[in-house]
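Colleague: Pasting a structure here, questions to come.
The values are calculated or read from the model by the stated rules, or taken from the named source; none is laboratory data. Predicted model, so just to flag it, every value in this text is computed and none were measured. As a convention, Cβ positions derive from the backbone with ideal geometry for all residues, glycine included, and neighbour counts pool all protein chains shown.
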Amino acid sequence: MKLYKYMSLYGDGFLHALDMVVNQRIYLSTYDAMKDPDEGWWSVVEHKNHAIRPDENHINIVAKKLRNIVDSVRYTSFTTGAICPLLWAHYAGGFSGIALEYDLDETVYDIRKIDYKGNANVTLSQIDEVISGKKLPQDIGILKQKMNCWEYEDEYRLYVNRPDEYISGVKPMSIILGIKPSKYSDVFVKISRTYKVKIGYLSKRQDEFVIRYFKNK
């Protein structure tokens, strides 16, 4: 599956991007590092039989167990294209960063499309299935649903349900430079040649953005 990751080169961003190309690995975050303040949260709905109201103390106990599981899930975000101006503006240093293109095997990695229908509403039985290990948090919508205001991101996530900080052995197919000049542009051009990664740049043609690739040397 072809997916893209936008990167700002400000601050430590350059080192992170360099690490992804040179060491061929991608850092995995936890929910608290995300920009969305609702990330990693959910609501418990009443039992399907509305005559039965879940005991509040029981809800608090299972919620704490579920919280510990959700806290341990690590993941990274991608999108489906490299020409979205909003994503370049918001996640790639205002068009001065880069976008990395990957080809990821869905049979190897747990990759899922985000549902833009608000935070997850889960039942106690669903929570019990996660706590017992029968399901993952993302199976019941947790860490997989966001408000529709984020829909422009067209986000896909790669989940790892273990404490690994990186997925390794993932070489980007291409590096795409932003429209605005960066002092690191020449660095990525040289790195692309050394590590045999295709490199191009975002360009504007009339009212649309396109990607143009450098000729191989």
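Colleague: Name the residues in segment 28-42 that are touching a helix residue (DSSP H, G or I) at 6+ places or on another chain (Cβ under 9 Å), surrounded by fewer than 14 Cβ atoms within 10 Å (Cβ to Cβ) and not in a loop (DSSP other than H, G, I, E, B), would you?
Modeller: Listed by number, the list holds a single entry, Asp32.
Colleague: Okay, next question. Considering each of Tyr6, Tyr27, Tyr31 in turn, give the residue that is aromatic (Phe, Trp, Tyr), under 18 Å from the mean Cα position of the chain (by Cα) and at pLDDT below 95.
Modeller: Tyr31
Colleague: What do you reckon, is Asn57 modelled with pLDDT under 95 and part of a helix (DSSP H, G or I)?
Modeller: Yes.
Colleague: Given the conditions (1) surrounded by 13 or more Cβ atoms within 10 Å (Cβ to Cβ); (2) free of Cβ contacts under 8 Å to residues at least 24 places away in the same chain, and given that Leu202 satisfies all but one, which numbered condition is not satisfied?
Modeller: (2) is the only condition that Leu202 fails.
Colleague: What number of residues within segment 153-171 are loosely packed, with under 14 Cβ neighbours inside 10 Å and either farther than 22 Å from Asp105 by Cβ or of a type in the set (Phe, Trp, Tyr) (or both)? Reasoning before the result, please.
Modeller: Start the filter on segment 153-171 by keeping residues that are loosely packed, with under 14 Cβ neighbours inside 10 Å, which leaves 162-165, 168-169.
Among the residues that remain, those that are also either farther than 22 Å from Asp105 by Cβ or of a type in the set (Phe, Trp, Tyr) (or both) are: 163.
Summing the residues that are loosely packed, with under 14 Cβ neighbours inside 10 Å and either farther than 22 Å from Asp105 by Cβ or of a type in the set (Phe, Trp, Tyr) (or both) in segment 153-171 gives 1.
Colleague: A further question follows. Among the residues of segment 208-215, is any buried (at least 16 other Cβ atoms within 10 Å of the Cβ), within 17 Å of the chain's Cα centre (by Cα) and not basic (Lys, Arg)?
Modeller: no
Colleague: Restricting attention to segment 141-163, does a residue exist that is out of contact with any Cys (no Cβ under 8 Å at 6 or more places or on another chain) and farther than 25 Å from Pro37 by Cβ?
Modeller: Scanning segment 141-163, I find at least one residue that is out of contact with any Cys (no Cβ under 8 Å at 6 or more places or on another chain) and farther than 25 Å from Pro37 by Cβ, so the answer is yes.
Colleague: Looking only at segment 197-217, how many residues end up being touching a Ser or Thr at 6+ places or on another chain (Cβ under 6 Å) and aliphatic (A, V, I, L, M)?
Modeller: So the count comes out to 2.
Colleague: Identify, please: which residue in segment 105-126 is small (Gly, Ala, Ser) and exposed (fewer than 14 other Cβ atoms within 10 Å of the Cβ) and is, among those, nearest to Pro37 (Cα to Cα)?
Modeller: Selected residue: Gly118.
Conditions (1) in contact (Cβ under 8 Å) with a residue 40 or more places away in the chain; (2) surrounded by 14 or more Cβ atoms within 10 Å (Cβ to Cβ); (3) in contact with a Pro (Cβ under 7 Å, 6 or more places away or on another chain), marked per residue:
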residue	(1), (2), (3)
Ala99	yes, yes, no
Asp103	yes, no, no
Asp128	yes, yes, no
Lys135	no, yes, no
Gly178	yes, yes, no
Pro181	yes, no, no
